[in-house]
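Undergrad: Before I ask anything, let me first share the structure, which is written out below as structure tokens.
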């Protein structure tokens, strides 16, 4: 019960502090550092990833809240762009990729390519999917109207989440001859149930988790590249 109480209190604090201030970021402390990377002598710059996502059918934007998507049997909260800085995601995803690859030690250095950066290699790619759904549970919403007592009364309720991240057409090119050293795609899917979120903000957290798993996959693939 103590754990459930802390979870609910966490959601209350999250609602009060987050609102339209969602960030694409995650902890890098557990990122493995590859000292024998095939790219260890190469500098890398990353072009801003191109956002080619399609909006979910029937998406409704809420001012100051996650988006809403209704299906036949479930109402979902959705990580809509209006709660990210400047209502966009591509610069922030690109920045996270830079930070993650930098922490991995795969490359001599990693930077965002703003058109003026000189580097040995250039990466580009496309954001195909960055969708996170959290099932809306009415009992927890009603419970919040009764403050802490109501929150505690619904502390054990769980609801579904479905999250997908897919980055495609990722290319790493050698600048001096424009040859492609590696190309491919990475992605992650998260499905399950956890504690019901009366406000839906956890959809954004799950999106970050899927992004992290996707970049971990990218690091693993690049570590195995045989550079000619």
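Undergrad: Filter the range 178-221 for residues that are farther than 30 Å from residue 87 by Cβ, at pLDDT 95 or above and either in a loop (DSSP other than H, G, I, E, B) or under 20 Å from the mean Cα position of the chain (by Cα) (or both) and give the result.
TA: Matches in the range 178-221: 220, 221.
Undergrad: Consider the range 112-151. How many of its residues are at pLDDT 95 or above and surrounded by fewer than 16 Cβ atoms within 10 Å (Cβ to Cβ)?
TA: Count: 1.
Undergrad: Continuing with the same structure: Can we say residue 46 is crowded, with 16+ Cβ neighbours inside 10 Å, under 30 Å from residue 158 (Cβ atoms) and touching a residue at least 60 places away in the same chain (Cβ under 8 Å)? Steps first, answer last, please.
TA: Working: crowded, with 16+ Cβ neighbours inside 10 Å: yes; under 30 Å from residue 158 (Cβ atoms): no; touching a residue at least 60 places away in the same chain (Cβ under 8 Å): yes.
No, not satisfied.
Undergrad: Give the number of residues within the range 51-80 that are outside any loop (DSSP other than H, G, I, E, B) and either more than 15 Å from the chain's Cα centre (by Cα) or crowded, with 17+ Cβ neighbours inside 10 Å (or both). Explain how you work it out, then say what you get.
TA: Quick first cut of the range 51-80, residues outside any loop (DSSP other than H, G, I, E, B) only: 51, 60-62, 65-70, 75-78.
Adding the requirement that they be either more than 15 Å from the chain's Cα centre (by Cα) or crowded, with 17+ Cβ neighbours inside 10 Å (or both) leaves 60-62, 65-70, 75-78.
Here the count works out to 13.
Undergrad: Output the number of residues of the range 93-111 satisfying the condition of being in contact with a helix residue (DSSP H, G or I) (Cβ under 8 Å, 6 or more places away or on another chain), crowded, with 18+ Cβ neighbours inside 10 Å and either without any contact (Cβ under 8 Å) to a residue 24 or more places away in the chain or not in a loop (DSSP other than H, G, I, E, B) (or both). Steps first, answer last, please.
TA: Step one: filter the range 93-111 for residues in contact with a helix residue (DSSP H, G or I) (Cβ under 8 Å, 6 or more places away or on another chain), giving 93, 96-97, 100-101, 104, 106-107, 109-111.
After this cut, where a residue has to be crowded, with 18+ Cβ neighbours inside 10 Å as well, the list is 93, 96-97, 100-101, 104, 106-107, 110.
When the remaining residues are screened for being either without any contact (Cβ under 8 Å) to a residue 24 or more places away in the chain or not in a loop (DSSP other than H, G, I, E, B) (or both), the result is 93, 96-97, 100-101, 104, 110.
The number of residues fulfilling the criteria is 7.
The values are calculated or read from the model by the stated rules, or taken from the named source; none is laboratory data. Source: prediction; values computed, not measured. When we count neighbours, we look across all protein chains shown, and the Cβ atoms used for this are built from the backbone with ideal geometry, even at glycine.
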